[in-house]
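Here is the structure we will look at, set down as structure tokens.
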Amino acid sequence: MARLSILKGIISFVTIPEINLSINTDLARKILTGFIKSEITRAGFSKAVVGLSGGIDSALSCVLAAAALGPENVLAVRMPYKSSSPESLEHAQLLIEQFKVQSKTIEITEMVDPLIGREPEMSKVRKGNIMARARMIVLYDQSEAFNGLVVGTGNKTEILLGYSTLWGDSASALNPVGDLYKTQVRQLSRAMCVPNAIIDKAPSADLWLGQTDEDELGFTYEEVDRVLYLLVDQRYSPQECIEAGFAGHFVEKVVSRVRRSQFKRMLPPIAKVSNRTVGYDFLYLRDWGT
């Protein structure tokens with residue numbers, strides 16, 4: 001079965017595609033920095049605001065923004081909660097010092113605790129969602145103060161699996177890393193000299209003590225990136241993935257997560273009652289002048 005491959009900047013047809021997620025990092029850097037600069041300047045801005053968690057995804061978005069706009073035009077915002085790992089703050093500081101971006105630290109504990117305190121038995125997921133949305137309030141406030149756009153940090157793996165908080169960490173004005181699988185984020189981060197301490201640690205949203213992404217998901221990013229690549233990029237059916245050697249229960253779990261999280265990848269649907277509806281017929285400005 002012939003399938004189209006665009007990895008490493010090469011377009012070709014291959015009969016049996018290898019599950020090789022290697023990317024041309026020089027080309028990726030050029031595309032993504034160009035994307036950041038063009039999208040931000042097109043909107044009439046010249047600056048960017050990034051929520052810097054101390055993790056690899058936000059680190060890469062921050063470094064790309066600094067390369068695109070200049071470090072003086074990037075504001076990295078650290079937003080710890082009282083239970084956040086001190087290591088996260090330290091790793092974020094490493095990046096701030098290495099790449100000379102502007103920075104602020106704004107703790108969210110006093111914003112979050114009054115709401116959490118209303119229901120002492122609240123689940124960890126609800127608490128984490130409150131923290132993620134509080135951080136987005138902070139980022140968009142800093143966006144106004146700094147006069148810059150919020151740059152997103154969610155990678156392709158997280159977006160496809162719905163592993164994000166709607167109107168929380170998934171919110172942004174633009175996202176340079178959203179078409180990179182987690183394994184590709186690691187590749188580009190190494191190429192762009194993100195500190196090894198950030199690249200090599202276990203991925204975590206740091207929403208509660210001991211939390212890691214892969215423990216929550218129930219599989220590793222390396223495993224799921226391979227099956228997502230076949231399902232999404234190569235258009236394999238779930239059955240074809242199983243025939244390629246993946247366990248049936250694993251494929252079913254991944255497919256279920258992708259299907260159930262579709263609403264997170266869309267703007268809210270609008271009921272159509274006119275001849276030109278935003279998001280359906282009115283998709284972009286045309287012939288409006290400047």
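Hey, among Ala202, Ala171, which residue is within 23 Å of Val125 (Cβ to Cβ), at pLDDT below 95 and in a loop (DSSP other than H, G, I, E, B)? Just one listed residue meets the conditions, Ala202.
Counting the residues of the stretch 99-116 that are open to solvent by 40 Å² or more (accessible area, probe 1.4 Å) and among the β-branched types (Val, Ile, Thr) gives 2.
For the stretch 35-68: of the residues being in contact (Cβ under 8 Å) with a residue 12 or more places away in the chain and among the basic types (Lys, Arg), which is farthest from Ile96 (Cα to Cα)? Among those that are in contact (Cβ under 8 Å) with a residue 12 or more places away in the chain and among the basic types (Lys, Arg), it is Lys37.
Only one entry of Leu180, Leu161, Leu139 meets the criterion of being under 15 Å from Val50 (Cα atoms) and not small (Gly, Ala, Ser), and that entry is Leu139.
Specify the residue that is surrounded by the fewest Cβ atoms within 10 Å (Cβ to Cβ); the eligible residues are those in the stretch 255-280 that are over 30 Å from Leu230 (Cα atoms) and of a type in the set (Ser, Thr, Tyr). Quick ask: steps written out before the conclusion?
We begin by selecting, within the stretch 255-280, every residue over 30 Å from Leu230 (Cα atoms); these are 270-278.
Still in the list and also of a type in the set (Ser, Thr, Tyr): 274, 277.
Details: Ser274: 10, Thr277: 14.
Among those that are over 30 Å from Leu230 (Cα atoms) and of a type in the set (Ser, Thr, Tyr), it is Ser274.
Does Phe13 count as touching a strand residue (DSSP E or B) at 6+ places or on another chain (Cβ under 8 Å) and either at pLDDT below 95 or among the acidic types (Asp, Glu) (or both)?
On the way: touching a strand residue (DSSP E or B) at 6+ places or on another chain (Cβ under 8 Å): yes; either at pLDDT below 95 or among the acidic types (Asp, Glu) (or both): yes.
Criteria met by Phe13.
Checking each residue in the stretch 131-162 for being in contact (Cβ under 8 Å) with a residue 40 or more places away in the chain, basic (Lys, Arg) and open to solvent by 30 Å² or more (accessible area, probe 1.4 Å) picks out only Arg135. Sub-7 Å Cβ pairs linking a first residue in the stretch 113-130 that is farther than 24 Å from Glu216 by Cα to a second residue that is assigned to a helix (DSSP H, G or I) and open to solvent by less than 50 Å² (accessible area, probe 1.4 Å), at least 6 apart or interchain, are Leu115/Ile130, ordered by first then second residue. The residues of the stretch 50-93 that are surrounded by fewer than 24 Cβ atoms within 10 Å (Cβ to Cβ) and polar (S, T, N, Q), listed by number, are Asn73, Ser83, Ser84, Ser85, Ser88, Gln93.
Would you please name the residue that is farthest from Arg226 (Cα to Cα), looking only at residues in the stretch 174-190 that are part of a helix (DSSP H, G or I) and open to solvent by less than 20 Å² (accessible area, probe 1.4 Å)? Among those that are part of a helix (DSSP H, G or I) and open to solvent by less than 20 Å² (accessible area, probe 1.4 Å), it is Ser189. Every listed requirement among (1) open to solvent by 30 Å² or more (accessible area, probe 1.4 Å); (2) touching a residue at least 12 places away in the same chain (Cβ under 8 Å); (3) assigned to a helix (DSSP H, G or I) is met by Ile96 save one, (1).
From the set of residues in the stretch 34-49 that are open to solvent by 40 Å² or more (accessible area, probe 1.4 Å) and in a helix (DSSP H, G or I), which is nearest to Arg190 (Cα to Cα)? Filtering the stretch 34-49 for residues that are open to solvent by 40 Å² or more (accessible area, probe 1.4 Å) and in a helix (DSSP H, G or I), the one nearest to Arg190 (Cα to Cα) comes out as Phe35. Selection of the stretch 231-249 for residues being open to solvent by less than 30 Å² (accessible area, probe 1.4 Å) and either in a helix (DSSP H, G or I) or hydroxyl-bearing (Ser, Thr, Tyr) (or both) yields Cys241, Gly248.
The values are calculated or read from the model by the stated rules, or taken from the named source; none is laboratory data. Quick caveat, the model's predicted, so the values are computed rather than measured. Glycine also receives a Cβ, built like all others from the backbone with ideal geometry; neighbour counts cover every protein chain displayed. Areas reflect the complete protein model, heavy atoms only, side chains present, ligands, DNA and RNA absent. Shrake-Rupley method; radii C 1.70, N 1.55, O 1.52, S 1.80 Å.
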